[in-house]
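Enquirer: I have a structure I would like to understand better, so I am pasting it below and will then ask my questions one at a time.
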Amino acid sequence: MSLLLDVMTNAIDQGYHDAAERKAEAAAEAGDQAADRPARAGRMTLGPLLAVAVVLALAGALFATAAVATHRGAAAAKRARNQLVQQIHQRTADADALQRQLDELQQQVKTARDSALSASGRGSVLSAEVSELEAVTGGSVVEGPGVEVTLNDAKNASGSDNSLGTIYDRDLQAVVDALFASGAEAIAINGQRLTTRTAIREAGDAILVDYRPLAPPYRIDAIGPSDLGTTFAKTQTGSLYANWRQVYGLGFTVEPRAALTLPSAANQVVHYAQPLESP
Amino acid sequence: MIAAIALAIGVVLGVVFHPTVPVGLQPYLPIAVVAALDAVFGALRALLDGVFDDKVFVVSFIANVLVAALIVFLGDQLGVGSQLSTGVVVVLGIRIFSNTAAIRRHLFRA
């Protein structure tokens with residue numbers, strides 16, 4: 001502490017006192033009457049005055065430069081951030097446009113294939129088989145009765161300490177698994193159709209389904225038998241989430257729907273597996 | 001009076017020309033600013049105490065700025081740059097604070 005005390009009590013530069021003492025001694029030697037009082041400033045000649053003025057101007061320039069540099073740095077950071085946000089919006093819009101184009105082209109391919117196959121009897125059998133497989137694998141738009149399950153963060157979950165009321169990727173995974181186990185044939189989360197290769201995972205604070213970030217509330221549409229809702233509610237997962245809705249205020253509803261339409265999956269490319277040549 | 005005018009001229013020059021600080025020197029700018037503030041407030045207090053000396057002011061200003069930057073540079077080379085900057089800011093901050101307190105006592109007698 002003595003170091004800090006020293007800094008506080010001797011805040012003024014020691015050099016000023018030394019210089020004042022030297023001046024006083026010089027004055028005393030010269031027999032000046034002013035020897036007993038400190039030398040007063042203000043009798044400076046032009047040279048030293050200029051030096052002080054130059055140094056003070058330097059200090060002013062230093063302060064101004066620092067202030068300008070700081071503000072310019074903040075402005076540059078803000079500009080860069082805005083540019084990034086703009087890029088994100090732009091790229092998302094581009095991806096959406098490409099997805100629409102893909103949907104259109106897939107529809108064209110389907111139409112062309114169907115018309116080519118319908119020419120022969122064997123072709124129409126194949127055509128029926130293909131559309132059945134597409135419905136199962138997520139390759140085509142499907143409709144039918146089912147349930148709509150919504151999951152949402154608890155109302156007071158925004159605080160970082162309440163992770164119990166927050167929906168994570170594993171919650172969506174559990175509900176989807178339970179729905180499939182209850183007999184669901186096709187499932188989509190917030191309009192993203194699930195296939196056998198769709199990943200439900202977490203990146204940062206966002207849940208990604210098929211690598212697209214989703215925002216709560218999460219709406220899980222499942223097409224299946226008429227008793228899908230009751231079967232799902234009876235599963236371990238269904239009763240667990242109903243319990244957590246009561247305990248943690250989690251948003252969780254299961255509603256039967258007479259008619260649901262699920263889009264086709266975006267990503268259907270198979271890289272490694274190859275179909276067996278028919279004998 | 002002349003001192004205040006010189007300071008104002010410096011600020012205006014800095015704002016008008018806003019010289020770009022080389023990237024290598026940028027980390028030392030804040031420390032240099034704190035050291036310069038300390039020297040200027042110290043000089044103002046010395047003036048009010050009646051012990052101001054032009055030579056001491058010029059030498060202490062330039063030396064303070066250079067030494068503060070040098071300490072931080074040395075710290076950067078040894079991996080304790082941010083800690084040493086904090087130390088420099090604390091010590092100079094205390095000095096600035098007690099000097100402004102002394103100036104306040106001179107001006108307002110309170």
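The values are calculated or read from the model by the stated rules, or taken from the named source; none is laboratory data. This is a predicted model, so every value here is computed, not measured. Please note: Cβ atoms are built from the backbone with ideal geometry, for glycine as well, and neighbour counts cover all protein chains shown. Accessible surface areas use protein heavy atoms only, side chains included; no ligands, DNA or RNA. Shrake-Rupley method; radii C 1.70, N 1.55, O 1.52, S 1.80 Å.
Enquirer: Is at least one residue of the stretch A:43-61 open to solvent by less than 100 Å² (accessible area, probe 1.4 Å), in a helix (DSSP H, G or I) and at pLDDT below 80?
Expert: yes
Enquirer: Select from the stretch B:27-54 the residues that are facing another protein chain (nearest Cβ under 7 Å) and open to solvent by 70 Å² or more (accessible area, probe 1.4 Å) and list them in ascending order.
Expert: The answer is B:PRO30, B:LEU47.
Enquirer: Is there a residue being more than 7 Å from chain A (Cβ to nearest Cβ) and in contact with a His (Cβ under 7 Å, 6 or more places away or on another chain) anywhere in the stretch B:3-16?
Expert: no
Enquirer: Assuming B:ALA6 fulfils every condition listed in (1) out of contact with any Ser or Thr (no Cβ under 7 Å at 6 or more places or on another chain); (2) open to solvent by 20 Å² or more (accessible area, probe 1.4 Å) apart from one, which condition is it?
Expert: (2)
Enquirer: So, one more: Among the residues of the stretch B:63-74, is any facing another protein chain (nearest Cβ under 7 Å), open to solvent by 30 Å² or more (accessible area, probe 1.4 Å), of a type outside the set (Asp, Glu) and over 9 Å from the mean Cα position of the chain (by Cα)?
Expert: No, the stretch B:63-74 contains no residue that is facing another protein chain (nearest Cβ under 7 Å), open to solvent by 30 Å² or more (accessible area, probe 1.4 Å), of a type outside the set (Asp, Glu) and over 9 Å from the mean Cα position of the chain (by Cα).
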